[in-house]
Amino acid sequence: MHSPSRKEFVSLTFTGSGNYNNKQWRRQSCWRKWKQLSRLQRNLILFTVALMLVCGIATYPTVTEHFRGLTVVVKEDEGHVLKLVIPEVLPESDKQNQPLVPEPPSEKQKRPPHKRGPPGLQNRLQKKGTGSDIQVKENPIQEAKKADKEKGEKPLVKRGALIEADQATEGGTAKEAENKVAVPAVEQGDHSHEPEFDRLEAVRDAFRHAWKGYKEFAWGQDELRPISKSYGEWFGLGLTLIDALDTMWILNLREEFEEAKTWVSTELSFNKNVDVNLFESTIRILGGLLSTYHLTGDALFLDKAKDIGTRLMPAFNTPSKIPYSDVNIGKGTAHPPRWTSDSTVAEVTSIQLEFRELSRLTQDTRYRAAVDKVMQKVHKLEGKQDGLVPMFINTNSGQFTHLGVFTLGARADSYYEYLLKQWIQGGQKETELLEDYLQALEGVKKNLLKKSSPNSLTFVGELSHGQFSPKMDHLVCFLPGTLALGAHHGLPADHMELAKQLMETCYQMYAQMETGLSPEIVHFNMHEGSIRDVDVKLADRHNLLRPETVESLFYLYRFTKDRKYRDWGWEILQNFNKYTKVSTGGYTSINNVRDPEYPSPRDKMESFFLGETLKYFYLLFSDDPELVSLDKYVFNTEAHPLPIWPSAE
Ligand code: DMJ
């Protein structure tokens, strides 16, 4: 126990004495204590103090930088005012979608081992401490939905691999390749509540990045090969540049548009001895030029459209009037592929919007007459099943061939799309087109529509001689958008319901992959007790930067205003940036959407990435329904908007 006198002494000494005396006392007392210490103790204290001083000096600039980083200069009434701001969570490189810094090896070792199943989901479960792989696989969608509901959580934290241009595309082992892949130093968070402005800017950034590569390594050529920093030729007509014209206009990238326009006016010539594919050059070149003419009003594009349209016409000189697949636009000759006299059904029935519009603009009826004849013939043909068409048609006989195989994927897809869109383009008067469309949809429901297991995803499979196959191409993902468009134009409301179900399925084709990017083809599981809905065969694991899912998300958002469609699109855009962006410019198709460590670049940027995919992303995130109004325009199958004809025509 302390004695009362001691207490008083302390009290008197400290409170009763003046400042000076108090300090002096403390100085004396300290000195006394210092003297009482051993030499070793004194040295230790001196060393510690010196060490602290050195550390303080060394960290001073970092600390001041940090605090400088917390402030921005804002202009207020012409005066500069310092304002404290909280820095954003993401690093600058993420925000701008710029190439990220390679991850140091030590960080790499810290990462959890690679797991199969939706990566976002894995992270959620790991956070919750229930990270069992089996649980993830058992019910990924329900788990994902549950996790999405949890407030404040940051789901979908995924890994990524920005591709370096000098990375080998073939020949190297996965190990070698892994060493060359730059892995981002940071994981991305959920941006789902960022303002739309940022998302629109992200699309413009993506376009600029793609354009940079094209401009530097492939200017005026058909396609960029971003890894080898070179180009590929298909028709030798500047395919990417033409496909991208109206995208630049819509994204308001005027500088880029002007330099491309100069190329069109000074360099583009169709007077070339080259074989082109009728369908591809119609939807990409003719469609691109026509829509750019409509958006800009510049007659240059109409002149060019008329030139290419006229040069493609020899394709229709066949015994049946069903066009050949290939035309030599310099010589004016046409022919089928070497191995067959068949054409693809989707190809001959998905050139109508463009040729019909060319006739309307030029008052030359020959273009429209040629393509209308094809539709009239196909309308009457034998060999359909409940409105579904086979994939091939013979240019001599005019009959379907390879009967009994039905798909909404490759070789048949846009037949269905153009039935509806021609009906819309022509002011909803051509009832045969509508009848064929409605009948075909009934055929889809009856023959191709099934549910997957375990999550009951609605999907569109294929039929081969009465045998159902649960195979679905990514190409089929145009269907939700087309169904929604039909419902918007007055077709039955259950089309919209089906559109929503299929939209979810197409999104899951992305979300259930390790990279968050869809493969080219999936197979759905239908037997009870399946662990996951989607299986992917080894040969089907590639992603070509295709647009169909983003396209449908755009339609679904426009008509429902349900924000989840935008959030899904945002996720997909980020994954394109993560796994397909090439540091030196451009984006590349990849071979393996199931391997986030090494997605294996294919070294090709398809023209539709600029023509379609990025355009639909932009329209999805835009709040302006008049930016290509769906009451005034109909998009061709390459995302080139063409006007809906005024009702008098
Ligand atoms: C595009 O050229 C068109 O969308 C076409 O209808 C289908 N294939 C590609 C995109 O995937």
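The values are calculated or read from the model by the stated rules, or taken from the named source; none is laboratory data. All values reported here derive from a predicted model rather than from experimental measurement. With ideal geometry, Cβ positions are generated from the backbone for all residues, glycine too; neighbour counts draw on all protein chains shown. Accessible surface is based on the protein model in full, side chains and every heavy atom, while ligands, DNA and RNA are left aside. Shrake-Rupley method; radii C 1.70, N 1.55, O 1.52, S 1.80 Å.
So if R0 is 45 Å, what FRET efficiency would GLU442 and HIS335 give, r being the distance between their Cβ atoms, rounded to the nearest 0.05? Present the calculation step by step, with values, prior to reporting the outcome.
Working: r = 37 Å, r/R0 = 0.82.
Step by step, r from the Cβ atoms, then E = 0.75.
Taking the alpha carbon gyration tensor of the range 279-422, what are the square roots of 5 times its eigenvalues, largest first, to the nearest whole Å? If you can, show how the numbers build up before the last one.
Values: eigenvalues 138, 56, 31 Å².
Taking √(5λ) for each eigenvalue gives 26, 17, 13 Å, largest first.
Would you mind counting up the charge near ASN277? Only other residues with Cβ under 11 Å from its Cβ, with Lys and Arg at +1 and Asp and Glu at -1.
Numbers: positive: ARG284; negative: ASP275, GLU280, ASP326, GLU347.
Its environment carries a net charge of -3.
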Volume in Å³ per residue [convex hull over Cα atoms, computed for the range 376-485]:
101 Å³
Between ARG594 and ARG254, what FRET efficiency follows from the Cβ-Cβ distance if R0 is 41 Å, with the result rounded to 0.05?
0.55
Over the C-alpha atoms of the range 205-314, what are the Rg and the largest Cα-to-Cα span, Dmax, in Å?
13.4, 41
Is the shape of the range 600-646 best called rounded, prolate or oblate, per the rule: a/c under 1.5 gives rounded, else a/b larger than b/c gives prolate, else oblate, with a ≥ b ≥ c the square roots of the Cα gyration tensor eigenvalues?
oblate
Residue-normalised accessible area of the range 302-436, expressed per residue, 1.4 Å probe, Å²:
38 Å²
Loop-located trypsin sites (Lys or Arg not before Pro) in the range 516-546, at most 16 other Cβ atoms within 10 Å (DSSP):
LYS537
Work through the residues other than LYS377 whose Cβ is under 13 Å from its Cβ and net out their charges, Lys, Arg +1 and Asp, Glu -1.
0
What is the set of long-range amide H partners of GLU514 at a cut-off below 5 Å, with H atoms built 1.01 Å from backbone N?
none
Listed highest first by mean packing, meaning other Cβ atoms within 10 Å per residue, what order do 623-632, 579-588, 294-303, 214-223 come in?
579-588, 214-223, 294-303, 623-632
Sorted by mean Cβ packing within 10 Å, highest first, what order do the peptides 400-411, 472-483 take?
472-483, 400-411
Counting Lys and Arg as +1 and Asp and Glu as -1, what is the net charge of the other residues whose Cβ lies under 12 Å from the Cβ of LYS321?
+1
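When the chain is fully extended, how far beyond the present Cα-Cα distance does THR431 get from ASP494, taking 0.36 nm per residue of separation? Before the final figure, lay out the partial values.
Numbers: separation 63, 0.36 × 63 = 22.68 nm, distance 2.02 nm.
Extra length from THR431 to ASP494 when fully extended: 20.7 nm.
Could you check how much of the accessible area of the range 536-582 is carbon and sulfur, as a whole percent, using a 1.4 Å probe? Before the final figure, lay out the partial values.
Details: 640 of 1250 Å².
Looking at the range 536-582 in its full context, I get 51 percent from C and S.
With a cap of 11 neighbouring Cβ atoms within 10 Å, and only residues DSSP puts in a loop, list the GluC sites (Glu not before Pro) found in the range 469-559.
Details: sites: GLU497, GLU504, GLU514, GLU520, GLU528, GLU548, GLU551; in loops: GLU514, GLU520, GLU528.
Counting only loop positions with at most 11 other Cβ atoms within 10 Å, the GluC sites (Glu not before Pro) in the range 469-559 are GLU528.
Could you do me a favour and compute the accessible area per residue for the range 546-610, 1.4 Å probe, result in Å²? Please report the intermediate quantities before stating the final value.
Details: 1310 Å² over 65 residues.
Accessible area per residue: 20 Å².
Can you sort ASP595, ASP533 by solvent-accessible area, 1.4 Å probe, largest first? All intermediate terms of the calculation are to be shown ahead of the outcome.
Values: ASP595 45, ASP533 0 Å².
My answer, sorted largest first, is ASP595, ASP533.
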In whole Hz and in residue order, list the ³J(HN,Hα) couplings for the range 488-499 that follow from phi through the Karplus curve 6.51 cos²θ - 1.76 cosθ + 1.60, θ = phi - 60°; x for Gly and Pro.
4, 8, x, 7, x, 4, 5, 5, 5, 4, 5, 4
Per residue of the range 615-629, in order, report the coupling 6.51 cos²θ - 1.76 cosθ + 1.60 (Karplus, θ = phi - 60°) as ³J(HN,Hα) in whole Hz, putting x for Gly and Pro.
5, 5, 4, 5, 5, 4, 8, 7, 8, 9, x, 8, 6, 6, 5
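Need one word for the range 431-509: rounded, prolate or oblate. Basis is the Cα gyration tensor (sqrt eigenvalues a ≥ b ≥ c); a/c below 1.5 gives rounded, then a/b vs b/c decides.
Working: a/c = 2.10, a/b = 1.29, b/c = 1.63.
Since a/c reaches 1.5 but b/c is at least a/b, the shape of the range 431-509 is classed as oblate.
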Using 14 Å as the cut-off for backbone N distance, which residues of the range 498-518 belong to the label zone defined by a point 7 Å from the Cα of ASP631 along Cα→Cβ?
none
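Students often check this: by mean Cβ neighbours within 10 Å, which of 636-646, 444-454 ranks highest, and how do the rest follow? Kindly include the intermediate steps, with their values, before the conclusion.
On the way: 636-646: 22.5, 444-454: 17.5.
Final packing ranking: 636-646, 444-454.
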Any idea how far the Cα center of the range 589-630 sits from the one of the range 295-325, in Å?
27 Å
Which ³J(HN,Hα) values in Hz, rounded to whole numbers, follow from the phi angles of the range 420-433 under the Karplus curve 6.51 cos²θ - 1.76 cosθ + 1.60, where θ = phi - 60° and Gly and Pro get x?
5, 6, 5, 4, 5, 4, x, x, 6, 9, 7, 5, 4, 5
In whole percent, the fraction of accessible protein surface over the range 609-649 that belongs to carbon or sulfur atoms, probe radius 1.4 Å, stands at 52 percent
Tell me, in nm to one decimal, what length is gained between ALA410 and SER453 on full extension, where the rule is 0.36 nm per residue of separation less the Cα-Cα distance?
13.0 nm
